Amino acid sequence: MKQTATADEVQAVIERIESVGAKAHVSPGSELTLIGAIGDRDHVARLGLEGHAGVDQVVPILKPYKLASSQLRGGRGSTLSIAGRKVGGDHFALIAGPCTVESRDQLLSTAQVVKDAGAAMLRGGAYKPRTSPYSFQGLGQEGLRLLQEAKEATGLPIVTELMDVRDIEPLAEVADVVQIGARNMQNYTLLSEVGRSGLPVMIKRGLSSTLEELLMSAEYVLKEGNENVMLCERGIRTFETAYRFTLDITAIPVLKELSHLPVIVDPSHAPGRRDWVPSLSLAAAAAGADGIIVETHPDPDEAICDGPQQLAAEDFAEYAQSVFRAAELAGKGASVPA
Ligand code: PEP
Ligand code: MN
């Protein structure tokens, strides 16, 4: 809309868009208001919005994802507020905790360590996607109960993975952010359901997924009216065999150009070894990631899963400081409770 457009003119355009069954997505800014018309392309084109009062220009979004596109916000990145913690913009969120919830002691002691080190949120899986059906699958409901206890003890918001839509209700009671794992990135029924739940969600990039496919997955959540979406780069399959996955640092500036959604990086799963985690973390933070989700454990050698890559909890505070310094290079400060 033109800078001079009135509220009535904005409203008239919204009504015109909705009259053909399309959705109007309004993004008010300090300079001007953008209205996204999401629906059948031909219907919207026939509305003749070009000449409408208050309309400045009509720009087609050529990308297959619409709501996830930065175009819809005129290139402005969004800042989410999750249980009082901001993510995006100038706010860098350090999310940390064990790969999986194993016991009360393990979880509560880790939670205290990550909180004291300035982390914004606690991670921990109660439902684990394991390559082998014979591996530990997570504590399930008992894990969720322990996460609730850790949340009450520390005040940290919880990030935990949802694998099965049937678990959404109990999980929603404790989760502040629903993690969609790399293996479920293209589970579209799961994404739509999480979209409808309205809960903040972090979608991890699939093992062999393009950035466009990741953004299409985000679109499934956004389409349900849920705008609290974060993207997560966690490493992809390449020809390299010297380590587990190739962490795609390039994805950070590219996603930030293509989309307004905050970009989180998981530096744990790509190297699969804890001594390589700090370099990847510093690279990600300095490259402008909006946060890091990293694994840490009080006794990694005894961890039930992903032991070799989990940072020892006793080293976590020093690690966190170095990550915050790298985030500062990109102009971001640690996200703190509001
Ligand atoms: C995890 O975060 O522990 C995990 C299983 O991640 P991913 O889905 O990226 O493999
Ligand atoms: Mn893990």
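Screening region 247-332 for helices (runs of 4 or more DSSP H) wholly inside it with 3 or more residues that are in the same structural domain as residue 121 (by TED's automatic domain parsing), open to solvent by less than 60 Å² (accessible area, probe 1.4 Å) and in contact (Cβ under 8 Å) with a residue 60 or more places away in the chain returns the ranges 316-329.
Taken together, 12, 7 contain a single residue that is loosely packed, with under 13 Cβ neighbours inside 10 Å, among the small types (Gly, Ala, Ser) and at pLDDT 90 or above, which is 7. When region 220-242 is filtered for residues that are touching a Leu at 6+ places or on another chain (Cβ under 6 Å) and in a helix (DSSP H, G or I), the ones remaining, listed by number, are 220, 221, 222.
Just one residue in the set 230, 216 is touching a strand residue (DSSP E or B) at 6+ places or on another chain (Cβ under 9 Å), more than 16 Å from ligand 2 (Cβ to nearest atom) and modelled with pLDDT of 95 or more; that residue is 230. The numbered conditions (1) assigned to a helix (DSSP H, G or I); (2) open to solvent by less than 20 Å² (accessible area, probe 1.4 Å); (3) closer than 21 Å to residue 72 by Cβ are all true for residue 213 except (2). Each residue in region 215-239 was checked for being of a type in the set (Asp, Glu), touching a helix residue (DSSP H, G or I) at 6+ places or on another chain (Cβ under 7 Å) and more than 15 Å from ligand 1 (Cβ to nearest atom), and 1 pass. Applying the set (1) farther than 28 Å from residue 237 by Cβ; (2) of a type outside the set (Gly, Ala, Ser); (3) more than 16 Å from ligand 2 (Cβ to nearest atom) to residue 106 leaves exactly one unmet item: (3). Hey, any hits in region 55-63 for a residue that's at pLDDT 90 or above, among the charged types (D, E, K, R) and surrounded by 15 or more Cβ atoms within 10 Å (Cβ to Cβ)? Yes, that holds for at least one residue. Scan region 283-311 for residues that are within 17 Å of the chain's Cα centre (by Cα), more than 16 Å from ligand 1 (Cβ to nearest atom) and of a type in the set (Asp, Glu) and jot them down. Matches in region 283-311: 290 only. Just one of the listed residues (84, 75) is more than 16 Å from ligand 1 (Cβ to nearest atom) and not assigned by TED's automatic domain parsing to the domain that holds residue 123, and it is 75.
The values are calculated or read from the model by the stated rules, or taken from the named source; none is laboratory data. Values in this document were obtained by computation on a predicted structure and should not be read as measured data. As a convention, Cβ positions derive from the backbone with ideal geometry for all residues, glycine included, and neighbour counts pool all protein chains shown. These accessible areas exclude ligands, DNA and RNA; they are computed on the full protein's heavy atoms, side chains included. Shrake-Rupley method; radii C 1.70, N 1.55, O 1.52, S 1.80 Å.
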